[in-house]
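Read the figures in this text as sums done on the coordinates, not as results from a lab. Computed from a prediction, not measured in an experiment: that's the story for all the values here. When we count neighbours, we look across all protein chains shown, and the Cβ atoms used for this are built from the backbone with ideal geometry, even at glycine.
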Ligand SMILES: C[S@@+](CC[C@H](N)C(=O)[O-])C[C@H]1O[C@@H](n2cnc3c(N)ncnc32)[C@H](O)[C@@H]1O
């Protein structure tokens with residue numbers, strides 16, 4: 001399927017199902033779709049606790065559940081399914097190239113380099129940290145590499161590793177959001193997990209400056225988005241808020257049972273506080289500042305009192321505290337179930353965001369590919385935008 005056809009298809013489908021994925025059950029206890037699709041609501045409410053985490057994390061499985069009630073959503077599954085980029089196997093890079101890289105990160109970097117293919121131009125490794133990716137490319141593509149990174153300490157560490165590996169890799173300590181000297185015409189720009197505006201700026205400025213090739217694996221799409229996401233490519237109906245772009249990256253990081261219990265308690269208590277606030281003020285959601293972790297480790301009564309005081313609400317009397325704790329847990333159980341609907345659209349939103357950058361590059365004369373460069377178990381942020389100036 002051509003990129004632009006995929007983009008137009010996803011755009012239309014996501015636009016038409018906006019009412020399913022946009023509402024956040026944490027803020028909106030009963031999204032409108034609950035009334036419109038009562039059988040879906042009933043199935044979700046009846047789900048055993050053991051299915052909840054899996055369905056919230058696996059958007060394909062969640063979409064399949066939704067499709068039993070709303071068959072039209074199944075089109076999204078094929079539109080969001082991208083080719084797997086096979087990549088050539090990497091030439092021998094010596095036994096020690098990966099000093100100091102944790103195993104999973106090393107596998108991501110090797111998969112990225114293999115999928116990106118052989119480059120001929122000098123490489124710019126954008127927001128490169130210690131420059132592990134840049135070092136691997138210098139070793140395997142035998143090309144000079146500049147690694148741009150804001151953190152001087154990471155650059156110094158990276159210089160040491162580059163020297164040990166004997167590669168031509170220079171570090172540039174610079175802010176990728178304001179650097180004017182980079183990127184440069186004719187370079188091959190690579191970016192592995194440069195967050196939000198950092199990868200978008202690379203693509204925007206790189207196109208304007210005549211960068212010859214891009215390989216970009218985006219992440220944290222919401223970073224640098226003020227209220228609304230500014231689409232780059234043409235002819236889109238959908239417009240995303242910052243929170244919508246956040247939906248693309250909401251998988252829970254694998255956590256221990258203790259961490260899961262702690263996270264559930266935090267959700268339940270915050271919802272208990274929200275329920276209290278709705279009871280004593282108005283029945284709408286209000287944002288609140290992050291809650292200090294120690295407050296969640298205390299008793300619920302202390303937590304509720306501190307939150308009420310901080311948010312300028314009347315202090316709860318001792319007789320009502322237990323009721324709001326119970327209601328918080330009830331809402332937690334509902335929110336986790338209702339969120340499955342929103343999370344069913346996670347991958348489709350992510351692919352829409354990546355396609356926006358990919359189609360922008362295609363509109364500017366690049367030959368562009370979009371696919372996944374590694375298994376999602378290695379990193380869920382596994383999309384790779386590959387573009388070559390035609
Ligand atoms: C998620 S890490 C990825 C690092 C590397 N590409 C990798 O995959 O190992 C993001 C990197 O971006 C850097 N960074 C954040 N903001 C930056 C900025 N404004 N300019 C340049 N680098 C930045 C961080 O210091 C960090 O090293």
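Things to note:
- On Cα atoms only, tilt of 318-343 relative to the major axis of the chain in degrees: 40
- Peptides 53-62, 84-93, 194-203 ranked from most to least packed give 194-203, 53-62, 84-93, packing being the mean of other C-beta atoms within 10 angstrom over each peptide's residues.
- Each principal axis of the Cα atoms in segment 147-226 has its own extent, and those three values, largest first, are 39, 27, 21 angstrom.
- Once the C-beta distance of residue 288 and residue 28 is scaled by a Förster radius of 22 Å, the resulting FRET efficiency is 0.90 to the nearest 0.05.
- Crossing angle, helix 3-16 versus the chain [Cα axis fit, 0-90 degrees, rounded to tens]: 10
- Residue ranges 265-271, 336-342 sort as 336-342, 265-271 when ordered by packing (mean number of other C-beta atoms within 10 Å per residue, highest first).
- Antiparallel content of DSSP bridges confined to the chain, in %, to 5: 40
- Theoretical gain in end-to-end length, residue 278 to residue 241 [0.36 nm per residue, Cα-Cα removed]: 10.9 nm
- The angle between the Cα long axis of helix 197-209 and the main principal axis of the chain comes to about 40°, on a 0 to 90 degree scale.
- In plain terms, the chain from residue 49 to residue 81 could stretch by 8.7 nm, reckoned as 0.36 nm per residue minus the Cα-Cα distance.
- Summary of the geometry: segment 222-237 and segment 312-354, compared by the centres of their Cα atoms, lie 26 Å apart.
- Counting only DSSP beta bridges with both residues in segment 156-256, the antiparallel share comes to about 10 percent.
- Sorted by Cβ neighbour density within 10 Å, fewest at the top, the residues 363, 227, 13: 227, 363, 13
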